[in-house]
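The values are calculated or read from the model by the stated rules, or taken from the named source; none is laboratory data. As the structure is a prediction and not an experimental result, all values here were calculated from the model. Glycine gets a Cβ as well: all are built from the backbone with ideal geometry, and neighbour counts include every protein chain shown.
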Amino acid sequence: MTRVAAAARGIPAITHRVAHRVVAAACTELVPPLGTDQFYNGEAVASAGVGGTLEPAGFSGDEVAAAVERLLTESSFRAAAGALRREIAAMPHPRDVLPTIMDVARRAA
């Protein structure tokens with residue numbers, strides 16, 4: 001099952017990276033950062049209230065289970081993901097803003 005399919009069923013995703021399509025589909029995420037921008041992405045998920053992160057220095061299966069249990073039982077995560085989904089849905093489509101971006105880039109060059 002893909003993360004987007006899981007999101008449609010309300011199943012939280014456990015991912016090593018933030019899947020923007022999953023967030024847009026109103027799915028909560030658990031992000032155990034391992035490197036690169038994953039630390040920032042995990043903090044962004046936690047700050048938005050749509051999920052959580054784990055300490056990368058090492059986490060046990062029990063810690064993962066507890067974090068997933070929290071994502072499944074605390075409705076605040078689903079509510080925040082839903083609010084974020086509505087915010088993203090209200091944004092203009094990229095094709096609608098591309099002419100403005102191109103105009104600004106031409107004038108800046």
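Data for the structure
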| quantity | calculated |
| --- | --- |
| Selected residue [touching a residue at least 24 places away in the same chain (Cβ under 8 Å) and at positive phi] from 49, 82 | 49 |
| Residue in the range 1-17 that is surrounded by fewer than 17 Cβ atoms within 10 Å (Cβ to Cβ), of a type in the set (A, V, I, L, M), at pLDDT 80 or above and assigned to a helix (DSSP H, G or I) present | no |
| Selection count where residues are loosely packed, with under 14 Cβ neighbours inside 10 Å and assigned to a loop (DSSP other than H, G, I, E, B), scope the range 37-49 | 1 |
| Some residue of the range 50-58 being over 22 Å from residue 27 (Cβ atoms), loosely packed, with under 13 Cβ neighbours inside 10 Å, hydrophobic (A, V, I, L, M, F, W, C) and more than 11 Å from the chain's Cα centre (by Cα) | yes |
| One residue from 62, 103, 96 being surrounded by 10 or more Cβ atoms within 10 Å (Cβ to Cβ), more than 20 Å from the chain's Cα centre (by Cα) and over 15 Å from residue 28 (Cα atoms) | 103 |
| Residue in the range 71-90 that is out of contact with any strand residue (DSSP E or B) (no Cβ under 9 Å at 6 or more places or on another chain), outside any helix (DSSP H, G or I) and within 14 Å of residue 49 (Cα to Cα) present | yes |
